[in-house]
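The values are calculated or read from the model by the stated rules, or taken from the named source; none is laboratory data. These numbers come from a predicted model, not from an experiment. Backbone-built Cβ (ideal geometry, glycine too); neighbour counts: all protein chains shown.
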Amino acid sequence: GDSSGGGGGGVTSLSSTLAPYSPYAGAAGTLGKNGKSRIIGGYTLEQRRQRILRFLEKRKNRVWMKKVKYGCRKKLADSRPRVKGRFVPRVK
């Protein structure tokens, strides 16, 4: 085992990626004092890492642009008169 931090492949980058999110990310081994797997909030250390990675990946791919589903409705709404953003009846 190389403990210098280099050449660890995905494990080293995984630990450095999760370092700000998990207090156990840099811990050596996954066993607790009694020899059983360490449980964090109902998940083992590896399950927690996988869930955090999935969350980070999904957060990276979020779409913030508004998408118009029905162009005909937008066209009608844009043509209606508004006051302070609210629709008002047309004055004849």
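Residue check: is Ser22 modelled with pLDDT under 90 and within 21 Å of the chain's Cα centre (by Cα)? Even if it seems obvious, please write down each step before you answer.
Details: modelled with pLDDT under 90: yes; within 21 Å of the chain's Cα centre (by Cα): yes.
When the stated conditions are applied, Ser22 passes them.
Take Tyr70 and decide whether it is of a type in the set (Phe, Trp, Tyr) and in contact with a helix residue (DSSP H, G or I) (Cβ under 8 Å, 6 or more places away or on another chain). Quick ask: steps written out before the conclusion?
Numbers: of a type in the set (Phe, Trp, Tyr): yes; in contact with a helix residue (DSSP H, G or I) (Cβ under 8 Å, 6 or more places away or on another chain): no.
The answer is no for Tyr70.
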